[in-house]
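The values are calculated or read from the model by the stated rules, or taken from the named source; none is laboratory data. No experiment lies behind these values; they were computed from the predicted model shown. Using ideal geometry, Cβ is built from the backbone for each residue, glycine included, and neighbour counts are taken over all protein chains shown. Heavy atoms of the whole protein, side chains included, go into the accessibility calculation; ligands, DNA and RNA do not. Shrake-Rupley method; radii C 1.70, N 1.55, O 1.52, S 1.80 Å.
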Amino acid sequence: MCGIVGAVAERNVTPILLEGLRRLEYRGYDSAGIAVIDGHACVDRVRRVGKVKALTEALEQHAIKGSTGIAHTRWATHGEPSETNAHPHICNHKVAIVHNGIIENHSVLRALQKAKGFVFTSETDTEVAVHQIEDYLQQEGDLLTAVNKAVADFEGAYALGVIAVNDPHRLIATRSGSPLVIGVGIGEYFIASDAAALLPVTRRFIYLEEGDVADIHNDCLRIFDKTGAEVEREIKESELSANATAKGEYRHYMLKEIHEQPAALVDMLQGRVADGRLIESAFGPEAQTLFDQVKSVQIIACGTSYHAGLVASYWLEALAGVPCRVEVASEYRYRKPVLADGTLVVTISQSGETADTLAALRAVKEKTTLTLAICNVPESSLVRESELKLMTRAGPEIGVASTKAFTTQLMALLLLVIALGKRHGMEDKKITVLIKQALSLPALMDRMLLDKMAIDQWADLFTDIDNAIFIGRGALYPIALEGALKLKEISYIHADAYPSGELKHGPIALIDPDLPTIAIACMDGYEGKIKSNIQEILARGGNVYLFADERLDVAGLGAGCKVLNIPAINAELAPILFAIPLQLFAYFVAVRKGTDVDQPRNLAKSVTVE
């Protein structure tokens, strides 16, 4: 959620910090700030509400320079978006801090600090953290010791970057529950919430593990694990280039990422299927042994990833004959679930740092070793902490509304279905057909993306719409949920999704000429039933926008039903293909409404706090 950047170097780090913030804008935020230790060993800070552009303009008026600094984009949790609540926070003009996460016991610590005479200028939990560090620094005189003692008092999640005037060429970084990466330069080091922030200055990264504390100077780095022991962490070379997160010719990142999906699926399948068969070692060296033990599957995820899991549940039971449950991570982690022997727990996350999903995985690991992460970020906590993993290889996804991450997650889940299906009676002929269809999907996606004008024209009709419903059957019902989510996220139109058979059980009461219905239908053997549902809507004066397999007979539906043909596809793989036009539809509607497509209000790309 919040974005952290920090640097210790022999040059002015302000431009580096500012560029890092620009590259973290996709994470979602409402204010931004920067603090450096200047040549006089003083903390100089500038903060602004709004976009990084506003901070940039402020820095043009009040330039600050220093070789050690920290910067931050804030997504409000404690306290409204305001300049006083923006990071970095400073205590007694001596210590400055940036923080991602939530200090849950902040109110207790705040009361103790007030009793000691500390003065608060914000409503944030982060100011409690900086006061606690300064309190220990006064006692101990050493910044590393002060940070270690302070974090021992914290309950909750945090990633911290801390600088102090009494040691102006030093940066302390630590993480617990929130991601943090160290960039390794030549005679300089950097920290960030995401490696993408640092690509202009380095491609060499160290991914801090849970509980790590890093003591950083421009010419040396020491890392201590959660026990306090000094450790070595591997330096990894990123394959991303500095322009990997550029928009290129596209107006928005979201549109670029929609168009990247065919190539992303090709990359996702590369090396995972060969000669019409699945290469199971793609899940990890222990995959065959662990898959042999699987009797059922429990999928845990949030948001769009949860919808991918719902599709997989249809596939697992219908194709592989494997019982499957799907649950929202924020619910799963707080109840007392019963995990049967032989249950493979699958966690799905684009970032691999989703707080609720990570917490659920950690709880599950106390009961089983049968864990699989489906993720887009190889060095993420979710991947490191799972026995098996399958990377989606979607590449950087900057738009908050997930697109290519979703379709690559679906493909990864299909490969899992095939792996488990082989052990539960799925015929080789069926597996061959599924793999062949999967390999054909990129070309079908390209065809859809070249012929999107009809969707663009439909968007004109939604300019003044405030509400909509989506309907689908079977494995297309989760795609209807995803379509409604996309429309909500970026156009701010209230949208709900229902299994089409549920219309008569309440939602049909909403139907009138002002409430459009978006329907999706493939050739799954039940297409006649959704056509009947559409007739029910039309009979009540409703308007229907139907995304339909091009083989579907739509004669007789009438003028109230607008139809857009989708290339013919095997019903099992239809959910992956049908996701594309719904993404485009939401995008074009949002453009018409003039919203911030890539950074919709109130949303963050990676939800790393509860």
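Residues of region 64-89 that are out of contact with any helix residue (DSSP H, G or I) (no Cβ under 8 Å at 6 or more places or on another chain) and either in a loop (DSSP other than H, G, I, E, B) or surrounded by fewer than 16 Cβ atoms within 10 Å (Cβ to Cβ) (or both): Ser67, Ala76, Gly79, Glu80, Pro81, Ser82, Glu83, Thr84, Asn85, Ala86, Pro88.
Checking each residue in region 124-168 for being modelled with pLDDT under 95, under 27 Å from Asp38 (Cα atoms), under 29 Å from the mean Cα position of the chain (by Cα) and of a type outside the set (A, V, I, L, M) picks out Thr124, Asp125, Thr126, Glu127, Tyr158. Scanning region 18-32 for residues that are free of Cβ contacts under 8 Å to residues at least 60 places away in the same chain and crowded, with 24+ Cβ neighbours inside 10 Å returns Ser31, Ala32.
In the set Phe462, Phe470, only one residue is under 25 Å from the mean Cα position of the chain (by Cα) and buried (at least 20 other Cβ atoms within 10 Å of the Cβ); that residue is Phe470. Name, by its number, the condition in (1) part of a loop (DSSP other than H, G, I, E, B); (2) touching a Lys or Arg at 6+ places or on another chain (Cβ under 6 Å); (3) of a type in the set (A, V, I, L, M, F, W, C) that does not hold for Ile398. Against the list (1) part of a loop (DSSP other than H, G, I, E, B); (2) touching a Lys or Arg at 6+ places or on another chain (Cβ under 6 Å); (3) of a type in the set (A, V, I, L, M, F, W, C), Ile398 comes up short only on (2).
Please tell me if His93 is buried (at least 23 other Cβ atoms within 10 Å of the Cβ) and either modelled with pLDDT of 90 or more or in a loop (DSSP other than H, G, I, E, B) (or both). Judged against the criteria, His93 is not a match.
Step by step: first the residues of region 129-151, then only those that are among the polar types (S, T, N, Q) and within 20 Å of His169 (Cβ to Cβ), then the one that is least open to solvent (accessible area, probe 1.4 Å). Which residue is that? Give the derivation first.
Of all residues in region 129-151, those among the polar types (S, T, N, Q) come to 132, 138-139, 145, 148.
Imposing the further condition that a residue be within 20 Å of His169 (Cβ to Cβ) reduces the set to 145, 148.
Details: Thr145: 49, Asn148: 65 Å².
Checked region 129-151; the qualifying residue least open to solvent (accessible area, probe 1.4 Å) is Thr145.
Checking Leu255 against (1) assigned to a helix (DSSP H, G or I); (2) within 29 Å of Arg333 (Cβ to Cβ); (3) touching a helix residue (DSSP H, G or I) at 6+ places or on another chain (Cβ under 8 Å); (4) not charged (D, E, K, R), which test does it fail? All conditions are met except number (2). Considering only region 169-182, state which residues are modelled with pLDDT of 95 or more and surrounded by 21 or more Cβ atoms within 10 Å (Cβ to Cβ). Within region 169-182, Leu171, Ile172, Ala173, Thr174, Ile182 meet the criteria. Look at region 483-496: where a residue is within 17 Å of Asp514 (Cβ to Cβ) and a partner is hydroxyl-bearing (Ser, Thr, Tyr) and part of a helix (DSSP H, G or I), sitting 6+ places away or on another chain with Cβ atoms under 9 Å, you get Ser491/Tyr587. Looking across region 165-197 at every residue that is part of a strand (DSSP E or B) and of a type in the set (Val, Ile, Thr), the one that is nearest to Ser351 (Cα to Cα) is identified as Val181. When the criteria are applied in full, Glu127 meets the requirement of being acidic (Asp, Glu), in contact with a strand residue (DSSP E or B) (Cβ under 6 Å, 6 or more places away or on another chain) and under 24 Å from Ala41 (Cα atoms).
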